[in-house]
Amino acid sequence: MSKQTIPKADWRRRTSRSFFLWILGLGGLCSLLVFVSKAPLDQGIPTPLRTVHEWNGTLWAKVFSPIHSGENPIVPVGKVPRVNGTIGLEEDLDPESWSLEVITDRDTPGAKVIQLHLADLLRMPQTDTSALFKCIEGWSEEVSYRGVRFSDFLQELNVGHLPGGNEMFPFVGMETPDGKYYVSLDMDSMLYKKTILAVAMNGQDLAEENGAPLRLVIPLKYGIKNIKRIGRIFFSRTRPRDYWTERGYDWYSGL
Amino acid sequence: MVVSGLQIKWANADEYLAWVPETWWKFFGLDHQLALGLAEHFTLMWIFVLNGLAYGIYLIFSGEWRELLPKKESFSQAFLVLLHDLGLRKQPIVAEKFNHAQRLAYTGVFILGALAALSGFALYKPIQLPWLRDLFNGYQCARLVHLLVAFGIIGFFVTHIIQVVRAGWNNFQSMVTGDEVETRQEDEQANNS
C-alpha cells in the first residue's frame, strides 16, 4: 500500500464518500430483507422466495439426468421403514375393497378411467430395488422396495401419452382415496427407473402406516412426494395441486 | 444463511436432536419454520456463492491474496498474536496489513465458505450431483460437514466482531474506506495550538 499525504478536507471528502456508499449498501441489503419478508404470500411463503423456488425447479429440471441412480444400499430385510406422516391414512381401509382409479386425461371430461385391483398390479412385471430414502426434515434411511416400475405401469395400461401423439403428459397427480393427501410430479422424474408403485418394503408387504396396499417410492424426491395409500392417479397438461407446496414447500423438491 | 439454516435445523427441535438445549431454540424462536427456512436458504445460497466467487476473483486479480495467504511462519507466529491479543504477551506484533493470526483466519474462513457451499450442494442434489455427494463420503456425512462448517463460520463471525470493536474506530474506518489514517505531527500541533 502506498502512502499519501493529502489535505484534511480531501481526506474528509474521501472518507464520507466511502461511508456513504457503505451505508447505502447496508441499507440496500436491509430494505431488500424487509421487502422480501413483507411481500404478499404465495402458498405459504413470501412471493419472491416462491419465485426463486420455481426458478430453481426449472433450472434443475433442465439439467436433470436420469442416468444418476443415487445410492444403492443393501437393506436388512424385515426392518420396518420409519413412519413420519399419516395424513390421508386416518380412515380404516379394507384392502379387499380398495381399488386404484387411473384417470387417463384429467383435462378432458369423459376421458377413459381404468379401475385396478391389487391383483391386477401384482400381475404386472415386478421390480426390486433399493435407495436412500430422504426426508425433507433431514433424516434419511436405507430402504428396499418392490412393485411396479411406473414406466412399466404406463406401458402395461398404455396410458400417459397425450392424445394423438408420442409426447407424454408433463404432469402426474396422485391422491389418497379420501383426497386428504395429494401430490403432483413431473413426468421426467416419474419415468426414472427407480420410481416404483410399491407393494412391499424391506422384504415385507406394506404395513398400513407405510401406505398399504400401494404407495409411491420415488428416491429422486423428498419423502413428502412419496405418497402412501394411493387411490387415484391422473395425467394432466397443467400442474395438479400438491399438499406440501400449498404449505410453503418447493413443488419440484428434486434431489 | 445461518438464520435460515437454524430454521431448518430446529424445525423439529422438539422431536429430534437439536444440538442445543431447548431454551436456546425457544429463545431464538426459529423452530417449526422448515418451509420458510428452506425457501430462504435456497434463495440466499445463490447470493452466497456469487459473493464468494466475486471475492475470490477480486483477490486473484488485485493481487490482494498475497496479504491474506498464510506464510510459512504464520502457523507459529499466529500463536504469539493470540497471546498478545489475550494480553498474555506484551511485545508488540509485527506491523503488517494483516498479522499472522488474521492471515490464518481470513484464509480459513474462505475455505470454510467454499466447504459450506460444496457440502450444501451435495445435500441439495445428492442424486443429480453424485460425485459431489461421494466426495463428502455420502449424504449424512455431508450433513455433518455442513453443520460443523457452520459452527466454524459462526465462530469466525463472533471473533471478528469482538476484534473489530477492540481495535477501535481508526481500524473500523479503514475497513470501510480502505485507507489507514496517520495524522502528521505538525497537524497535531497545529490543532492543539
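The values are calculated or read from the model by the stated rules, or taken from the named source; none is laboratory data. Please read all numbers here as calculations on a predicted model, not as lab measurements. Note: ideal-geometry Cβ built from the backbone for every residue, glycine included; neighbour counts use all protein chains shown. The area values use the complete protein model at the heavy-atom level, side chains included, leaving out ligands, DNA and RNA. Shrake-Rupley method; radii C 1.70, N 1.55, O 1.52, S 1.80 Å.
Data overview
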{"item": "Buried solvent-accessible surface, both chains (B, A), 1.4 Å probe, Å² to nearest 100", "result": "3400"}
{"item": "Spherically averaged projected area of region A:1-119 from its Cα convex hull (nm²)", "result": "19.6"}
{"item": "For A:Glu142, distant residues with modelled amide H under 5 Å away", "result": "A:Phe133"}
{"item": "Under-5 Å amide H pairs with A:Gly231, H placed in peptide plane, nonlocal only", "result": "A:Glu175, A:Thr176"}
{"item": "Anisotropy class of region B:1-115 from Cα gyration tensor, a/c 1.5 cut", "result": "oblate"}
{"item": "Environment charge of A:Thr127, counting only residues whose C-beta is closer than 11 Å and scoring Lys/Arg +1, Asp/Glu -1", "result": "+2"}
{"item": "In Å², nearest 10: area of A:Ile103 left accessible to a 1.4 Å probe", "result": "30"}
{"item": "Computed [θ] at 222 nm, helices only, for chain B once each DSSP H run of length n ≥ 4 contributes -39500 (n - 2.57)", "result": "-23000 deg cm²/dmol"}
{"item": "Overall form of region A:99-146 per C-alpha gyration tensor (a/c, 1.5; a/b vs b/c)", "result": "oblate"}
{"item": "Cα pair count fraction exceeding 24 Å, expressed as % - region A:87-212", "result": "31"}
{"item": "Relative contact order (%) - criterion: Cα under 8 Å, at least six apart; region: chain A", "result": "22"}
{"item": "Chain B, relative contact order [Cα under 8 Å, separation at least 6], %", "result": "13"}
{"item": "Under the Karplus curve 6.51 cos²θ - 1.76 cosθ + 1.60, θ = phi - 60°, whole-Hz ³J(HN,Hα) for region A:179-195, x wherever Gly or Pro sits", "result": "x, 7, 10, 8, 9, 9, 9, 7, 4, 4, 5, 5, 7, 4, 5, 9, 7"}
{"item": "For region A:187-226: relative contact order, % (alpha-carbon pairs under 8 angstrom, 6 or more apart)", "result": "40"}
{"item": "Given 16 as the ceiling on other Cβ atoms within 10 Å, longest exposed-site-free region of chain B for trypsin sites (Lys or Arg not before Pro) in DSSP loops", "result": "B:98-183"}
{"item": "Region A:141-255 shape via C-alpha gyration tensor axes, a/c threshold 1.5", "result": "oblate"}
{"item": "Cα-based reach from A:Lys8 at 25 Å (exclusive), listing lysines while leaving out same-chain residues under 8 positions away", "result": "B:Lys97"}
{"item": "Listed residues A:Leu33, A:Leu122, A:Leu220, most fluctuating in chain A (Gaussian network, C-alpha, under 10 Å)", "result": "A:Leu33"}
{"item": "Dipole magnitude (debye, nearest 20) for region A:1-146, charges at Cβ of Lys, Arg, Asp, Glu", "result": "2000"}
{"item": "Calculated FRET value between B:Asn137 and A:Leu29, using beta carbons and R₀ = 41 Å, to 0.05", "result": "0.70"}
{"item": "Partner aspartates and glutamates for A:Lys225 [C-alpha distance under 12 Å; skip if fewer than 8 residues away on the same chain]", "result": "A:Glu175, A:Asp186, A:Asp242, A:Asp250"}
{"item": "Cα→Cβ-extended label distance, 7 Å offset, between B:Arg166 and B:His32, nm", "result": "4.1"}
{"item": "Longest segment of chain B lacking GluC sites (Glu not before Pro) that sit in a DSSP loop with at most 14 other Cβ atoms within 10 Å", "result": "B:97-179"}
{"item": "Members of A:Lys194/B:Lys9; A:Lys221/B:Lys9; A:Lys112/A:Lys193; A:Lys134/A:Lys180; B:Lys9/B:Lys125 lying beyond 24 Å, as alpha-carbon distances in this model show", "result": "A:Lys194/B:Lys9; A:Lys112/A:Lys193"}
{"item": "Accessible solvent surface per residue of the protein assembly as shown, calculated while the other protein chains remain in place, 1.4 angstrom probe, Å²", "result": "55"}
{"item": "Projected-area mean, the protein assembly as shown, by convex hull of Cα positions, square nanometres", "result": "29.5"}
{"item": "Chain A - Rg and Dmax from Cα coordinates, angstrom", "result": "24.9, 92"}
{"item": "Kyte-Doolittle mean at least 0.0, axial Cα span of 24 Å or more - DSSP H helices of chain A", "result": "A:8-38"}
{"item": "Phi to ³J(HN,Hα) by Karplus 6.51 cos²θ - 1.76 cosθ + 1.60 over region A:84-89, Hz, x for Gly, Pro", "result": "10, x, 10, 5, x, 10"}
{"item": "Surface/4 estimate of mean projected area, convex hull on alpha-carbon atoms of region B:108-163, nm²", "result": "3.6"}
{"item": "Helical contribution to [θ] at 222 nm, DSSP H n ≥ 4, -39,500 (n - 2.57), averaged over chain A, rounded to 500", "result": "-8000 deg cm²/dmol"}
{"item": "Loop GluC sites (Glu not before Pro), region A:207-250 (other Cβ atoms within 10 Å of the site Cβ: 14 or fewer; DSSP)", "result": "A:Glu246"}
{"item": "Candidate aspartates and glutamates - alpha carbon under 18 Å from A:Lys38, same-chain residues fewer than 8 apart omitted", "result": "B:Glu40"}
